[in-house]
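Contents: one structure, followed by commentary.
The values are calculated or read from the model by the stated rules, or taken from the named source; none is laboratory data. This structure is a prediction, so every number in the text was calculated from the model and none was measured. No Cβ is skipped: glycine too gets one built from the backbone with ideal geometry, and neighbour counts run over all protein chains shown. Calculation scope for accessible area: heavy atoms of the full protein, side chains included, ligands and nucleic acids excluded. Shrake-Rupley method; radii C 1.70, N 1.55, O 1.52, S 1.80 Å.
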Amino acid sequence: MKDLFWLRREMIGPQVMVSIDANRYTALCQARATFVDAGAFEQRYEILLGNHLGLEQFCAEWSMRRIVEMDHRYETGARIIVEANRHVMNLLSAARAYADHVVRDFGHLALSPPFQAQAEALMREEYDRSLSYRIVCALRNYVQHRSTPVHGLSGRKSPSWADRMAVYCHKKKLIEEGKFKASVLAEMEDETDLKIVAREYMRGVSSVHIELRKRVSEQCHEARRLHEEAINEFVAAQAEPEEGTPGIGLTVCREVGGHYVDKHPILLEWDNVRLLLAKKNRFAFEL
């Protein structure tokens, strides 16, 4: 018996199902996969950006405290270093997750070259271009296997009160601990301000992210068009006008032996979140 394909609401109640062909079913399933990857792509960058914002806010707060509190106790300095390590390590973890996960996005799309190859090429170019990018990559492995990244704090000259604390990584300490990538170590100064490194790294990775977004924008737009078209067609086929959210509970499915299987939701709300994040983060990072 030939399979049938439907636009069908996944709920109890009267409805008029809409018959579609196998090609449209496949296209809608692929559109959903595009939505899933596009949403994860934007959320992953948002997590990375949020961790960097946390580091900047932490440094700004303690820059102000250094001005108004005059608290030079050893215990206070030790507590600040612990907090600085937490923020830097969170950023390094998010950076590693971004790099590892982004190459697995959009594997279902027929791109030439594949999305994975494009992402790897752009990140490799940024690695070759930016010392800060190389430092972050090396520090990720160092933190995972050897020790914490922040070795000291100090004041720094800046016209802004919010930017008067440096978070240092000492080259001597990295040498003593061992296992730090030698080629990157040779490029580093005796003291490296990890706050500046983080900014330059974010500038690079944001450029990569924006470029990758452009390369799948057509496919994301087409996925949204297919979902909008399916929702509008289903709503128009109903005997009575839709109330509330049109097409709520709508799925695309296959009918086999009277059973509805391989069901995939058809909705735009989750893609609206992706669009909001893409709009918010539409510019390359600058600081």
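Key figures
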{"quantity": "Sequence-distant residues sharing a close amide H with residue 4 (under 5 Å, placed H)", "calculated": "255"}
{"quantity": "Rounded percent of accessible protein surface that carbon and sulfur make up, the stretch 125-215, 1.4 Å probe", "calculated": "48 percent"}
{"quantity": "Residue 286 accessible area, 1.4 Å probe, all protein chains in place, Å² to nearest 10", "calculated": "130 Å²"}
{"quantity": "Per residue, in Å², the accessible surface of the chain once ligands and nucleic acids are set aside, probe 1.4 Å", "calculated": "54 Å²"}
{"quantity": "Most positive-pole-ward Cα, 170, 60, 48, against dipole of the chain from beta carbon charges", "calculated": "170"}
{"quantity": "Rh by Kirkwood over Cα pairs, then Stokes-Einstein D for the stretch 116-220 at 1.002 mPa s and 20 °C, µm²/s", "calculated": "140 µm²/s"}
{"quantity": "Point-charge dipole on Cβ atoms (K/R +1, D/E -1) for the stretch 1-78, about Cα centre, debye to 20", "calculated": "440 debye"}
{"quantity": "Computed helical MRE - 222 nm, the chain, DSSP H runs ≥ 4 contributing -39500 (n - 2.57), nearest 500", "calculated": "-21000 deg cm²/dmol"}
{"quantity": "Accessible area of the stretch 32-84 belonging to carbon and sulfur atoms, whole % at 1.4 Å probe", "calculated": "58 percent"}
{"quantity": "For the chain, with +1 on Lys and Arg beta carbons and -1 on Asp and Glu, the positive-most of 231, 206, 147 along the dipole", "calculated": "147"}
{"quantity": "Shape call, the chain: gyration tensor on alpha carbons, a/c limit 1.5", "calculated": "prolate"}
{"quantity": "Point-charge dipole on Cβ atoms (K/R +1, D/E -1) for the chain, about Cα centre, debye to 20", "calculated": "940 debye"}
{"quantity": "Rounded, prolate or oblate (a/c below 1.5 giving rounded, otherwise prolate when a/b exceeds b/c) for the stretch 181-287 by Cα gyration tensor", "calculated": "prolate"}
{"quantity": "With all protein chains modelled, accessible area of residue 24 [1.4 Å, Å²]", "calculated": "50 Å²"}
{"quantity": "Heavy atoms of residue 4: accessible area, 1.4 Å probe, square angstrom to 10", "calculated": "80 Å²"}
{"quantity": "Carbon and sulfur %, accessible surface of the stretch 224-287 computed with the full protein complex present, 1.4 Å", "calculated": "58 percent"}
{"quantity": "Extension gain (nm, one decimal) between residue 263 and residue 47, 0.36 nm per residue minus Cα-Cα", "calculated": "74.7 nm"}
{"quantity": "Ranked order, 72, 101 - accessible area, probe 1.4 Å, largest first", "calculated": "72, 101"}
{"quantity": "Other-chain or far-sequence residues with amide H under 5 Å of residue 153's (modelled H)", "calculated": "168"}
